[in-house]
1. Please pick out the residue among GLY279, GLY197 that is small (Gly, Ala, Ser), loosely packed, with under 13 Cβ neighbours inside 10 Å and within 24 Å of GLY9 (Cα to Cα).
2. I'd like the residue in region 64-97 that is of a type in the set (A, V, I, L, M, F, W, C) and at pLDDT 95 or above and, out of all such residues, is farthest from THR122 (Cα to Cα).
3. Can you tell me which residue is farthest from THR278 (Cα to Cα) among those in region 33-67 that are of a type in the set (Asp, Glu) and over 20 Å from the mean Cα position of the chain (by Cα)?
4. Identify, from the list GLY236, GLY245, the residue that is over 18 Å from ALA298 (Cα atoms) and surrounded by 12 or more Cβ atoms within 10 Å (Cβ to Cβ).
5. Could you figure out which of (1) more than 27 Å from the chain's Cα centre (by Cα); (2) modelled with pLDDT under 90 isn't true of GLY279?
6. Go through region 285-320 and give me each residue that's outside any loop (DSSP other than H, G, I, E, B), buried (at least 24 other Cβ atoms within 10 Å of the Cβ) and either touching a His at 6+ places or on another chain (Cβ under 7 Å) or not acidic (Asp, Glu) (or both).
7. Return a yes/no flag: does region 188-195 have any residue that is at negative phi, part of a loop (DSSP other than H, G, I, E, B), without any contact (Cβ under 8 Å) to a residue 40 or more places away in the chain and over 17 Å from the mean Cα position of the chain (by Cα).
8. So ASN239 fits all but one of (1) outside any helix (DSSP H, G or I); (2) more than 20 Å from the chain's Cα centre (by Cα); what number is the exception?
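The values are calculated or read from the model by the stated rules, or taken from the named source; none is laboratory data. Just so it is clear, the structure is predicted and the values come from calculations on it, not from any experiment. Glycine gets a Cβ as well: all are built from the backbone with ideal geometry, and neighbour counts include every protein chain shown.
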Amino acid sequence: MKIIDLFCGIGGLSLGFEQAGFKTVAAVDMWKDAVTTFNYNRHNKVGMTISVEEFNEKILPDLLKKHKISGIIGGPPCQGFSTVGRREVDDPRNKMYLEFYKAVKKANPYFFVIENVRGMLTLNKGAFVKDLVERFGEKGLGYKISYKLLNASDYGIPQNRQRVFYVGVKEGTFVFPKEITPVQKLSAKDGISDLEGSDNNHYGSDPANEFQKAMRGCCKHPLNQDYTNHSEQTIGIVNQIPDGGNIKSLPPEFWNIRKYNKAFERMGTFKPSNTIDTGHRNYFHYKEPRIPTVRESARLQSFPDNFEIIGTRGSQYKQVGNAVPPMLANIIAKAIKKQIKR
């Protein structure tokens with residue numbers, strides 16, 4: 001079963017599908033660093049640094065002559081739906097969402113998957129959801145659409161990360177898998193404790209649980225395990241912040257060091273980590289006075305340890321923060337695959 005990944009980034013979404021037995025035959029993103037990482041970690045190197053519009057016009061027609069596409073997946077930006085008082089879909093910022101639609105229309109796959117931020121569910125009275133159902137649904141392209149707000153921590157991933165997944169299928173109705181860890185969630189410590197004291201040449205300790213074993217796989221040493229050198233002021237402040245606290249946990253004289261409430265936020269040892277974002281300097285390790293390494297961030301996103309992030313350090317953090325957790329994508333992919341085989 002073959003898929004196309006649009007707005008692929010480093011390919012967290014497609015990696016989860018590949019782990020479920022799907023084959024990615026094309027992946028598209030305009031960000032060169034992300035596509036470089038995508039291709040570096042795959043034998044077939046199908047990532048392309050072009051616009052989806054160009055892909056639809058120049059690449060997709062020939063691709064469809066060679067391959068039967070089972071699914072199109074991706075996370076198209078849809079910021080234009082925040083505009084009030086106009087036909088939102090005509091907003092130029094929605095061009096990429098419309099290109100995703102055009103690709104689905106041309107390829108006519110069995111399914112499609114869109115991942116987006118939670119705010120799109122309610123933004124502008126649900127304008128995006130309404131348009132998606134009209135455009136892709138039974139009166140449009142003929143898909144039966146299901147959507148749900150998922151938290152990665154409910155599915156065995158040691159991170160609180162809420163995103164909306166929209167799944168359209170040609171036959172039947174897609175049912176989202178039940179949460180597997182709604183109560184006993186994996187904590188930040190569960191996710192990365194074996195990386196404490198490690199470097200790019202060796203692990204700091206043996207794996208402490210099944211998640212850590214799974215992330216290591218056959219990897220002999222972690223990749224992207226470079227530490228950030230902080231100022232003495234930063235180290236001194238972070239050392240005073242309690243487990244799971246932030247700058248507001250300290251006396252008021254510290255509050256103006258950073259101008260927002262979540263500054264110097266520290267991960268909680270025994271709860272899922274903060275959402276791994278692209279800023280990477282807003283949150284700190286639960287035990288040590290430093291931000292997580294790129295590898296620790298990737299681990300909390302459920303990327304396997306042999307998945308190497310390419311680029312400058314800042315770019316690496318951004319690439320990881322923009323990604324879909326592969327483990328969550330894999331759970332969705334398995335459910336789709338099961339439905340296809342019925």
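1. Numbers: GLY197 fails: within 24 Å of GLY9 (Cα to Cα).
Unique residue meeting the criteria: GLY279.
2. Taking region 64-97 first, the residues of a type in the set (A, V, I, L, M, F, W, C) are 64, 69, 72-73, 78, 81, 84, 89, 96.
Next cut, at pLDDT 95 or above only: 64, 69, 72-73.
On the way: LEU64: 35, ILE69: 32, ILE72: 24, ILE73: 22 Å.
Going through the qualifying residues, I end up with LEU64.
3. Going through region 33-67, the residues of a type in the set (Asp, Glu) turn out to be 33, 53-54, 57, 62.
So of that shortlist, the ones also over 20 Å from the mean Cα position of the chain (by Cα) come out as 53-54, 57, 62.
Values: GLU53: 26, GLU54: 27, GLU57: 31, ASP62: 35 Å.
Result: ASP62.
4. Values: GLY236 fails: surrounded by 12 or more Cβ atoms within 10 Å (Cβ to Cβ).
Residue meeting the stated conditions: GLY245.
5. In the conditions (1) more than 27 Å from the chain's Cα centre (by Cα); (2) modelled with pLDDT under 90, GLY279 misses (1) alone.
6. First, pick out the residues of region 285-320 that are outside any loop (DSSP other than H, G, I, E, B): 294-300, 313-320.
Among the residues that remain, those that are also buried (at least 24 other Cβ atoms within 10 Å of the Cβ) are: 294-300, 316-317, 319-320.
Of everything in region 285-320, those that are outside any loop (DSSP other than H, G, I, E, B), buried (at least 24 other Cβ atoms within 10 Å of the Cβ) and either touching a His at 6+ places or on another chain (Cβ under 7 Å) or not acidic (Asp, Glu) (or both) turn out to be VAL294, ARG295, SER297, ALA298, ARG299, LEU300, GLN316, TYR317, GLN319, VAL320.
7. Taking region 188-195 as the starting set, the residues that turn out to be at negative phi are 188-195.
From what's left, part of a loop (DSSP other than H, G, I, E, B): none.
No, the conditions are met nowhere in region 188-195.
8. (1)
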